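See below for the structure under consideration.
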Amino acid sequence: MRPQKLTMSRGKRVLSDYGSRQDEYAEYNRMRWKYDREAKAFYNSKEWKALSRLVLLENDYVCEYCGDEATMSDHVIPLKADWNRRLDRSNLKASCKRCNDKRAILYRNNLL
Ligand SMILES: [Zn+2]
């Protein structure tokens, strides 16, 4: 038998063995790594760079959230939430770094 420990699962105490938790983390890390790699490749792509520049030009480099100088474009529906809308012009807004970072944090905390 594998070593076991008490853990919480959906609000209940359950016995789970160390092995299965490790398997879960391994899978989670593998998926996260795969996503990060794809996201990085996307942000480096010609298509993204051209579209991002277009969004900034169309908005005269003004952040659509706060009115400061925009330096990047932001995915209104985050890349992570809908990969298919990564090059959808209507899903992009000119953004300053501060607003972009703020929105990333909001999204991470399920507040967006
Ligand atoms: Zn801003």
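Every number in this text was worked out from the coordinates using simple rules, so none of it is lab data. Being a predicted model, the structure only gives us computed values, none of them experimental. Note that each Cβ is placed from the backbone with ideal geometry, even for glycine, and that neighbours are counted across all protein chains shown.
Overview of results
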| item | result |
| --- | --- |
| Cysteines (scope the chain) whose Cβ has no counterpart Cys Cβ under 4.7 Å | Cys66, Cys99 |
| Cα long-axis angle, helix 46-58 against the chain (0 to 90 degrees, to the nearest 10) | 50 |
| Rounded tilt (10° steps) of 18-43 against the dominant C-alpha axis of the chain | 10 |
| All aspartates and glutamates inside 12 Å of Lys93 as judged from Cα atoms, apart from same-chain residues fewer than 8 positions distant | Glu58, Asp60, Glu64, Asp74 |
| Sequence of Trp48, Trp33 once ranked by neighbouring C-beta atoms within 10 Å, starting from the fewest | Trp33, Trp48 |
| Per-residue [θ]222 nm for the chain (sum of -39500 (n - 2.57) over DSSP H runs n ≥ 4, rounded to 500) | -15500 deg cm²/dmol |
| Sorted by Cβ density within 10 Å, fewest first, the residues Val14, Val55 | Val14, Val55 |
| Of Lys12/Lys97; Lys34/Lys102; Lys5/Lys34, pairs whose Cα-Cα distance is over 32 Å | Lys12/Lys97 |
| Order of Ser52, Ser73, Ser45 - criterion: other Cβ atoms within 10 Å of each residue's Cβ, fewest first | Ser45, Ser52, Ser73 |
| Local electrostatic count at Gly67 - Lys and Arg +1, Asp and Glu -1, tallied over other residues with Cβ under 12 Å | -3 |
| Nearest-ten-degree value, helix 97-108 long axis tilted from longest Cα axis of the chain | 30 |
| The chain, dipole about Cα centre (Lys/Arg Cβ +1, Asp/Glu Cβ -1), debye to the nearest 20 | 600 |
